């Protein structure tokens, strides 16, 4: 295992620091989480992981926890899993399980663990009580201006689909229905940049700001049919199509239908 995580001295002010069992488990979560979006094969199933997530199970987690400990210090899988659920209760992690495995997501990973190249910019001198570093000025600006991204700028290549979903929907963990939708879009040959543009388009045209998969599908069908690849192209097409009356009406009706 290689790489590193960010940890600040203020971890000592957090109650977890005084519980050696929880602290050990928390460190395992931080060091197991992936730093980049990737696919992981679990049996015959491909699981898409976003930054801050990792796949585990009761016995796998127990093996990691007990590794290197003396026999008398080792804990049973049920106890370690109960501690993990305690971390979830206190909003350190989110656990999503099925009958085969669990995906654990570290809460606010993108905010705290994103690698930022300072390039002369001062790091924001604020720290959370869970001991993780707050983002740099550059990353704050990137997240706040997600909706102003252009498909031709360098900034967009620094922002993933997971980043965009977090900003648009206000939650770190992307539901499986969204993952499956974007995966199906990618299998048709569309890029992640296209998926980001599609999600932002749906968010901007949705009064709720949090589009459903059905609404995303409606917009994708129109873009696919008309050969649209970005929000700017969509806007131009609407403006040339009777001021956008036809396209706007279709999207609005689709949104209302999805409520």
Taking the simple approach of a point 7 Å from Cα along Cα-to-Cβ for both residue 41 and residue 12, what is their distance in nm?
-> 4.7 nm
So the FRET efficiency between residue 74 and residue 27, C-beta based with R0 = 22 Å and rounded to 0.05, is 0.85
Over the Cα atoms of the range 188-230, how large are the radius of gyration and the largest Cα-Cα distance (Dmax), in Å?
-> 9.9, 30
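What number in nm² do you get for the range 9-111 if you take the convex hull of its Cα atoms and divide its surface by four?
For the range 9-111, averaging the hull's shadow over all directions gives 7.3 nm².
Bear in mind that the values in this text are calculations on the coordinates, not laboratory data. For clarity, every value in this text was computed on a predicted model and none was experimentally measured. FYI the Cβ positions are ideal-geometry reconstructions off the backbone, even for glycines, and counts take in every protein chain you see.
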